[in-house]
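Data block below; observations after.
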Ligand SMILES: Nc1nc2c(c(=O)[nH]1)N[C@H]1C(S)=C(S)[C@@H](COP(=O)(O)O)O[C@H]1N2
Ligand SMILES: [Mo]
């Protein structure tokens with residue numbers, strides 16, 4: 001009887017560990033959708049896709065950084081979630097991602113950048129939500145402040161603005 005109870009307890013505990021995080025992994029967006037993630041995902045909320053509004057993104061772990069970019073005059077403050085946190089929220093497997101913009105520009109961000117660099121998807125510049133005319137609603141910001149070796153054309157080309165969607169491989 002005790003063994004039965006113990007194994008029942010273990011089974012229930014495993015069911016919770018396996019099922020509960022998935023069931024409530026991804027909220028439904030309440031505001032306008034600003035990002036669509038496609039690919040092989042374990043957390044979806046719109047068919048097989050994961051869609052996010054601004055507040056869902058801003059609840060994830062991220063950072064605020066002030067830096068210079070080739071696209072701005074003088075230091076600019078960007079804030080937003082880490083790319084890796086956004087991908088984890090959708091349950092994307094570790095790997096490269098293709099980031100697509102509203103104008104159909106796209107760039108591949110290699111798996112090692114996602115894993116090793118503190119890339120953010122900026123949702124705000126100088127504290128204000130980014131309008132499409134200001135490269136919004138989302139923009140890839142590499143940590144140029146932490147590693148000046150990133151300040152090259154290779155990483156500028158991966159700095160996609162006006163992001164529409166991300167495809168996880
Ligand atoms: N949405 C979007 N993001 C983009 C691009 C683009 O055309 N559209 N061009 C990329 C490239 S190739 C570079 S080098 C940098 C800088 O582009 P710029 O030379 O137009 O400033 O932005 C990157 N991000
Ligand atoms: Mo470029």
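Which of the residues that make up the stretch 131-146 are over 15 Å from residue 164 (Cβ atoms) and in contact (Cβ under 8 Å) with a residue 24 or more places away in the chain?
Once the filter is applied, which keeps residues that are over 15 Å from residue 164 (Cβ atoms) and in contact (Cβ under 8 Å) with a residue 24 or more places away in the chain, the stretch 131-146 yields 141, 142, 143, 144, 145, 146.
Please name all residue pairs, on different chains or six or more residues apart, with Cβ atoms under 7 Å, provided the first residue is in the stretch 148-167 and is farther than 15 Å from residue 138 by Cα and the second residue is within 11 Å of ligand 2 (Cβ to nearest atom) and assigned to a strand (DSSP E or B).
Hits for this filter: 157/107.
Applying the selection to the stretch 54-75, what residues are over 21 Å from residue 109 (Cα atoms), surrounded by 16 or more Cβ atoms within 10 Å (Cβ to Cβ) and touching a strand residue (DSSP E or B) at 6+ places or on another chain (Cβ under 6 Å)?
The answer is 54, and nothing else.
Determine the pairs where a residue that is in contact (Cβ under 8 Å) with a residue 12 or more places away in the chain, located within the stretch 116-130, has a partner that is surrounded by fewer than 13 Cβ atoms within 10 Å (Cβ to Cβ) with Cβ atoms under 7 Å apart, the partner being 6 or more residues away or on another chain.
118/146
Each reported figure results from applying straightforward, stated rules to the coordinates on display, with no laboratory input. Quantities reported herein were computed from a predicted structural model and do not represent experimental measurements. Here Cβ is always computed from backbone atoms with ideal geometry, including for glycine, and neighbour counts include all displayed protein chains.
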